[in-house]
1. Scanning for something closer than 30 Å to residue 2 by Cβ, in contact (Cβ under 8 Å) with a residue 12 or more places away in the chain and of a type in the set (S, T, N, Q), does segment 68-75 turn up at least one residue?
2. Taking interchain pairs and intrachain pairs at least six residues apart, which have beta carbon atoms under 7 angstrom, with the first residue in segment 29-48 and surrounded by fewer than 12 Cβ atoms within 10 Å (Cβ to Cβ) and the second at pLDDT 85 or above and not in a loop (DSSP other than H, G, I, E, B)?
3. I need every pair where a residue in segment 94-111 that is free of Cβ contacts under 8 Å to residues at least 60 places away in the same chain and farther than 15 Å from residue 79 by Cβ has its Cβ under 7 Å from the Cβ of a residue that is surrounded by 11 or more Cβ atoms within 10 Å (Cβ to Cβ) and of a type in the set (A, V, I, L, M), sequence separation at least 6 or different chains.
4. Which residue out of 79, 66, 61, 94 is out of contact with any Ser or Thr (no Cβ under 8 Å at 6 or more places or on another chain), of a type in the set (D, E, K, R) and crowded, with 17+ Cβ neighbours inside 10 Å?
5. Which count do you get for residues in segment 1-53 that are under 18 Å from residue 116 (Cβ atoms) and outside any helix (DSSP H, G or I)?
6. Here are some residues: 2, 54. Which one is in contact (Cβ under 8 Å) with a residue 12 or more places away in the chain, touching a Pro at 6+ places or on another chain (Cβ under 8 Å) and surrounded by 12 or more Cβ atoms within 10 Å (Cβ to Cβ)?
7. Within segment 55-78, track down each residue that is more than 24 Å from residue 13 (Cα to Cα) and polar (S, T, N, Q).
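The values are calculated or read from the model by the stated rules, or taken from the named source; none is laboratory data. Here the structure is a predicted model, which is why all the values come from computation and not from measurement. So basically every Cβ, Gly included, is an ideal-geometry build from the backbone, and we count neighbours across all protein chains shown.
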Amino acid sequence: MSAPARTLLIRLSVITLLFGAAGYYMKHSSLSAYYLPAFPLLLLIFVVIYFAFSALLLPQKPLPPKLFINRFILLTGLKFLFLLFVIIAWLLLKRDNAVIFLGYVLVLYLVFSIVAYSSILSWKNYDN
């Protein structure tokens, strides 16, 4: 595993632990009405998706800029489509918690995107 992928894994693990602790707190506090029982599964889906797709952008050797940009756009689009499929499937199956679910997805998407993209773009993934 390359150093950038290891750094990304550590950052995603820390974010996952923070969200897991926040979820545990919500479940056992007065905020339990807003806790989604499927939150651990949703968190696991985000971790796997973001690490898998982001690890593909962190190669062992530098890439030409055109190849890196094409790969970045393709993987970001695929990740978005997969998450959109998960959202639509959830909303079709469980309509009672739709607003809470969408709130969870929005927060997870924003935080994981910021962490993953900052890790990817902080490394020089292409040669000039």
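1. Within segment 68-75, not a single residue is closer than 30 Å to residue 2 by Cβ, in contact (Cβ under 8 Å) with a residue 12 or more places away in the chain and of a type in the set (S, T, N, Q).
2. Close Cβ pairs satisfying both conditions: 32/26.
3. Correct list of pairs: 98/91.
4. 79
5. 2
6. Step by step, each of 2, 54 is checked, and only 2 is in contact (Cβ under 8 Å) with a residue 12 or more places away in the chain, touching a Pro at 6+ places or on another chain (Cβ under 8 Å) and surrounded by 12 or more Cβ atoms within 10 Å (Cβ to Cβ).
7. Within segment 55-78, just 70 meets the criteria.
Listed here are the residues, each with its yes/no results for (1) modelled with pLDDT of 90 or more; (2) under 25 Å from residue 122 (Cβ atoms).
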{"residue": "21", "(1), (2)": "yes, no"}
{"residue": "26", "(1), (2)": "no, no"}
{"residue": "36", "(1), (2)": "no, no"}
{"residue": "50", "(1), (2)": "no, yes"}
{"residue": "53", "(1), (2)": "no, yes"}
{"residue": "56", "(1), (2)": "no, yes"}
{"residue": "61", "(1), (2)": "no, yes"}
{"residue": "71", "(1), (2)": "no, yes"}
{"residue": "78", "(1), (2)": "yes, yes"}
